[in-house]
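The values are calculated or read from the model by the stated rules, or taken from the named source; none is laboratory data. Quantities reported herein were computed from a predicted structural model and do not represent experimental measurements. For neighbour counting, all protein chains shown are included, and Cβ atoms are generated from backbone atoms with ideal geometry for every residue, glycine included. Surface accessibility is based on the protein's heavy atoms, side chains included, excluding ligands, DNA and RNA. Shrake-Rupley method; radii C 1.70, N 1.55, O 1.52, S 1.80 Å.
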Amino acid sequence: MDSTLARRMLAASTEITTVALSAEDPEVVLPMVVRQAAALAEADQCLVMVRGDDGRLTIEAAYGDPTAIGPLADPVGVVLSTRSAAARVARSGVPVVVDDVIDDPITAPYVPSALRVYGPFAAAPFGTRERRLGALAVYRRRGASTFTRVAVDVLTAFAAQAGLALVLAEGSTARQRIAVYQERERIARDLHDVIVQRLYAAGVQLEVLEKRLSGRLDRPDADRLAETMDQIDQTIAEVRATVRTLTSADPGTPAQAPDLAESMRSEVRIAGELLGRAPKLDIEGDLTDVPVAVADHARAALREALSNVVRHSGARTVLVRVRRSGYGLRLQVVDDGCGVPRDVSKRGLRNMEERATAAGGRCVITSSPDSGTTVTWEVPLG
């Protein structure tokens with residue numbers, strides 16, 4: 001190989017590799033690949049054809065010499081037959097060269113109409129032996145000299161180098177995305193398991209304090225305390241929205257909820273800190289495949305039920321049962337306290353009922369001063 005041509009190929013390959021590994025989107029490399037290949041092979045037209053799952057090739061990028069005759073139409077997007085010469089090159093890894101793409105029986109039946117203005121043709125495998133991406137094809141105008149063995153060797157070597165750079169770039173991009181997603185998930189877990197839980201605990205403690213000081217606070221102080229609790233509730237809602245966003249790898253796909261069983265253990269642990277004694281938790285069945293929306297409802301229902309226990313019941317013992325069955329998900333919170341006071345706000349109880357209804361289920365609350373309160377929250381799982 002001529003030393004000048006070798007240096008040009010090395011420079012082109014280096015440029016492709018540098019851009020591929022530094023670009024956020026590896027596909028920006030393809031236009032550069034066809035431009036460099038056309039220059040190296042002294043071709044009038046160069047195409048990158050990428051293999052699909054069905055074995056057919058799709059033209060993904062094209063470059064034509066501005067001074068030469070161009071194709072009859074834009075070839076990008078054209079799908080080639082699995083029997084075309086380029087498709088065979090992509091499968092076998094063996095380059096092909098013909099004198100005239102229209103007359104040669106190897107290529108003639110499968111030439112797209114947009115490319116019938118060309119004559120000499122050569123195609124080289126694009127990618128690596130383990131990851132065959134497709135083919136890199138070059139064309140010259142009809143009547144021009146055929147591609148020499150040296151030109152085909154240069155094209156083949158360059159196609160292999162460029163394909164390897166693209167494969168490496170895809171791997172690098174994938175690793176970077178995985179690292180970003182892992183960091184997002186870590187932040188989301190910290191927000192959910194630490195920040196939200198502490199905010200929730202602070203809100204409950206303020207509500208307990210408000211109840212103890214009922215009638216003993218000046219109106220401005222009472223209003224300020226109520227406003228503080230409302231701000232805590234709003235902050236919790238905002239943090240939860242942030243958690244849902246962070247745990248969604250793609251904004252167009254549903255968010256992945258935090259582990260439901262672990263979330264319930266965390267809720268019970270916080271309630272135990274506020275009560276001064278830990279509720280008993282009994283989980284039966286696998287909760288890992290509970291749909292995200294149902295998990296969110298169940299988590300909120302448990303938090304509200306335990307909040308009512310902390311604020312109003314005066315219970316000595318609390319039992320939380322969670323059962324996943326073939327029918328659905330059932331949550332029970334049982335306490336031996338004084339029951340739900342008549343003068344307490346029913347907003348939290350309504351929230352549990354509304355969440356159950358939204359999930360196609362029901363929420364039943366039984367309460368008496370003698371036997372305490374039992375909250376049964378259950379929803380079906382399709």
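So, in the stretch 270-281, exactly how many residues are in contact (Cβ under 8 Å) with a residue 60 or more places away in the chain and open to solvent by 70 Å² or more (accessible area, probe 1.4 Å)?
Of the residues in that region, 1 qualify.
I need the full set of residues from the stretch 266-281 which are within 22 Å of E210 (Cα to Cα), in a helix (DSSP H, G or I) and among the small types (G, A, S), in order please.
A271, G272
Search the stretch 47-70 for residues that are more than 11 Å from A137 (Cα to Cα) and open to solvent by 70 Å² or more (accessible area, probe 1.4 Å) and pair each with any residue that is part of a strand (DSSP E or B) and hydroxyl-bearing (S, T, Y) when their beta-carbon atoms are under 6 Å apart and the residues are at least 6 apart or on different chains.
That search, which allows pairs on different chains as well, returns nothing.
Being out of contact with any Leu (no Cβ under 7 Å at 6 or more places or on another chain) and at pLDDT 90 or above is the filter; apply it to the stretch 124-146 and report the residue that is surrounded by the fewest Cβ atoms within 10 Å (Cβ to Cβ).
Among residues in the stretch 124-146 that are out of contact with any Leu (no Cβ under 7 Å at 6 or more places or on another chain) and at pLDDT 90 or above, the one surrounded by the fewest Cβ atoms within 10 Å (Cβ to Cβ) is S145.
Within the stretch 192-205, count every residue that is farther than 12 Å from V239 by Cβ and open to solvent by less than 40 Å² (accessible area, probe 1.4 Å).
The qualifying residues number 4.
Failed condition for E27, given (1) at pLDDT below 80; (2) open to solvent by less than 40 Å² (accessible area, probe 1.4 Å), with all others met?
Every listed condition holds for E27 apart from (2).
Between T242, T235, which is in a helix (DSSP H, G or I), at pLDDT 80 or above and under 24 Å from L306 (Cβ atoms)?
The unique qualifying residue is T235.
Kindly indicate whether L5 is of a type in the set (A, V, I, L, M, F, W, C), modelled with pLDDT under 85 and open to solvent by less than 50 Å² (accessible area, probe 1.4 Å).
Yes.
How many residues, within the stretch 93-152, are within 22 Å of G77 (Cα to Cα), without any contact (Cβ under 8 Å) to a residue 40 or more places away in the chain and of a type in the set (S, T, Y)?
Total satisfying the criteria: 2.
If a residue must be open to solvent by 40 Å² or more (accessible area, probe 1.4 Å) and modelled with pLDDT under 75, how many such residues does the stretch 159-186 contain?
15
State yes or no: is P120 more than 16 Å from V152 (Cα to Cα) and of a type outside the set (A, V, I, L, M)?
Criteria not met by P120.
When you scan the stretch 282-382 for strands (runs of 3 or more DSSP E) that lie fully inside it, which ones turn up with 2 or more residues that are touching a helix residue (DSSP H, G or I) at 6+ places or on another chain (Cβ under 6 Å) and open to solvent by 10 Å² or more (accessible area, probe 1.4 Å)?
Strands (runs of 3 or more DSSP E) meeting the threshold: 362-368.
Is one or more of the residues making up the stretch 97-118 among the small types (G, A, S) and open to solvent by 40 Å² or more (accessible area, probe 1.4 Å)?
Scanning the stretch 97-118, I find at least one residue that is among the small types (G, A, S) and open to solvent by 40 Å² or more (accessible area, probe 1.4 Å), so the answer is yes.
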